[in-house]
Amino acid sequence: MLRVVVLGAAAGGAVPQWNCGCPVCLMAWTDPKLQSTQASIAISADGEHWFLINASPDLRQQLIATPQLHPKAGKLRHSPVSGVILTNGEIDAVAGLLSMREGWPFTIYAHAKVLSILKANSIFNVLNEKNVRREPIEIDKAFEPALPDGAPSGIEILPFAVPGKSAWYLEGKVHPGGNDGAGDTLGLRIRDKASASYFYFLAACAGVTDELKARLAGAPLIFFDGTVWRDDELIAAGLGTKTGQGMGHIAMSGDRGAIESLAQLDIGRKVFLHINNSNPALLPASPERKIAERAGWQIPTDGTEITL
Ligand SMILES: [Zn+2]
C-alpha cells in the first residue's frame, strides 16, 4: 500500500503570497480555506517511514499540520522523515532542507545537476554530510530510497526527464552543474514494490510530448503541473513579465494545455499541484475551477491523503 499526503499544493510564493493583493490572495488573506503552502508531497509504503518529494520553504508549517510526520512519542529525537527526493533546484523545492538541520539522519536524492546547486551554495553545509547523505539519481534509472538503518523502503522511484528549465535564479548564469543536458526538471514514477500500485509526480512540466503521453496513459494517479490557468496570466494580471512557458510551466487551459493534452489518456485520478496564486482555478466558485473539475481534475487542499 502506498500512502500519499499532499503537504502543499501551491507554487512558489504560496497562497496568499507575502506581498500580494491579487484577487486570489486578497480572499485568501482572510479565508484559511483558500490558503495553501508550497508544493510538496510525502509518501510512505509502511505508514511509519516517509519520504518527501521536494522540501518547500513551508516545510516546518507542513510538518506541524501533518500528524503522520510528527516525532514518535517517547523518543527524545525522532522524525518519520527518512529522505527527500528533489525534482528540481528551485527555491520552492530545496529551501525547506534548511529547516531540517537539527541532526536527524536522512538522505537527499537528487540529480547531479541539482546536487551541484546544493554544493555550490555553502549555506546547505548546515546539513552535515555525516548525517545527511546526498545520493545522485539518474534519469531512467529506478532506485529504491533507503530507511535510516539502510533497510529498503519498499518504494521504487523512476526519475525521467520532462520539458522544463533550470532554476530561475540561474537564468543567464553559469549553472554549477553545467548548462547542457537534462536533469534540471524531473518527473517521477513512484511505485509500491509489494502491491505494484504506482503514480506519477510532475510538479513542473513545460509541455506534453507524445512520449510523455505514452508514459502517463492508463496511470491510476498523476500529480501534474498546475502553475497557471493561461500562459500569459501573470502579464495580463499585471503581476509579472513572464509567461508560464517562460517559467517552464504548461498552462492548465488551451489547446496545448494540460487539461486538453491529457484528456484522452484514461488516467484514473488527476490532481493539479504547484498552483500559482494568480490561477483563478484556486477559487472554488470560479468558472475555471468548474472547467477543470468537469474535465476530471482535482485542486487539492493541503493535507489531502490518497491511498493507492
Ligand atoms: Zn497573489
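Every number here is computed from the coordinates shown, using simple stated rules; none is lab data. Every value quoted in this text rests on a predicted model; they were computed, and no experiment measured them. All Cβ positions, even for glycine, are placed from backbone atoms using ideal geometry, and neighbour counts span all protein chains on display.
How would segment 113-250 be classified by its alpha-carbon gyration tensor: rounded, prolate or oblate, with rounded meaning a/c under 1.5 and the a/b versus b/c comparison settling the rest? The shape class here is oblate. Short-range pairs are left out: with C-alpha atoms under 8 Å and at least six residues apart, the relative contact order of segment 260-302 is 43 percent. The overall shape of segment 1-133 is oblate: from the C-alpha gyration tensor, with semi-axes ordered a ≥ b ≥ c, the ratio a/c is 1.5 or greater and a/b is no larger than b/c.
In terms of its C-alpha gyration tensor, the chain has a rounded overall shape, because the principal axis ratio a/c (a ≥ b ≥ c, square roots of the eigenvalues) stays below 1.5.
By the count of neighbouring beta-carbon atoms within 10 Å, fewest first, Asp225, Asp58, Asp232, Asp31 end up ordered Asp31, Asp232, Asp58, Asp225. Only loop residues by DSSP count here, and only those with at most 13 other Cβ atoms within 10 Å; note down the trypsin sites (Lys or Arg not before Pro) in segment 16-113 that meet that. Those satisfying the criteria are Lys72, Lys75, Arg77. Work from the charge dipole of the chain (Cβ charges, +1 for Lys and Arg, -1 for Asp and Glu, about the Cα centre) and give the residue of Leu262, Asn19, Leu216 farthest towards its positive end. Selected residue: Asn19. By the count of neighbouring beta-carbon atoms within 10 Å, fewest first, Met27, Met247, Met1 end up ordered Met1, Met27, Met247. Each Lys and Arg contributes +1 and each Asp and Glu -1, all at the Cβ; summed about the Cα centre of the chain, the dipole is approximately 500 debye. Taking 12 Å as the straight-line reach from the Cα of Lys119, the aspartates and glutamates in range (excluding those fewer than 8 positions away in the same chain) are Glu129. How many angstrom separate the Cα center of segment 159-205 from the Cα center of segment 249-297? Centre-to-centre (Cα) distance: 21 Å.
Which FRET efficiency, nearest 0.05, do Ala194 and Leu26 yield, Cβ-Cβ r, R0 45 Å? With R0 = 45 Å, the Cβ-Cβ based efficiency is 0.45. Given +1 at the Cβ of Lys and Arg, -1 at the Cβ of Asp and Glu and no other charges, the dipole of segment 193-296 around its Cα centre is 320 debye to the nearest 20. Neighbours of Leu2, meaning other residues whose beta-carbon lies under 14 angstrom from its beta-carbon, give a summed charge of -1 when Lys and Arg score +1 and Asp and Glu score -1. Near the amide H of His111, within less than 5 Å, lie the amide hydrogens of Ile137, all on another chain or at least 5 residues away, with H placed in the peptide plane. Computed from backbone phi with θ = phi - 60° and the Karplus coefficients 6.51, -1.76 and 1.60, the 3J(HN,Hα) list for segment 262-271 is 9, 5, 9, 9, 6, 8, x, 9, 10, 10 Hz; x is used for glycine and proline. Rounded to the nearest 20 debye, the dipole magnitude of segment 1-112 is 300 debye, with +1 charges on Lys and Arg beta carbons, -1 on Asp and Glu beta carbons, and the Cα centre as origin. Less than 5 angstrom separates the built amide H of Ala206 from those of Gly164, Ile250, all sequence-distant by 5 or more or on a different chain. Note on the chain: helix-only mean residue ellipticity at 222 nm, from DSSP H runs of 4+ residues weighted -39500 (n - 2.57) and normalised by residue number, equals -3500 deg cm²/dmol. Choose one answer from Ala55, Ala281, Ala65: the residue with the largest mean-square fluctuation in a GNM of the chain with alpha-carbon springs under 10 Å. Comparing Ala55, Ala281, Ala65 in the GNM, the peak value goes to Ala65. Which one, Leu273, Leu52, Met100, is farthest towards the positive end of the dipole of the chain when Lys and Arg carry +1 and Asp and Glu -1 on their Cβ? Looking along the dipole axis, the top candidate is Met100. Full extension of the chain between Ile91 and Ala295 gives 70.3 nm of extra length, using 0.36 nm per residue less the Cα-Cα distance.
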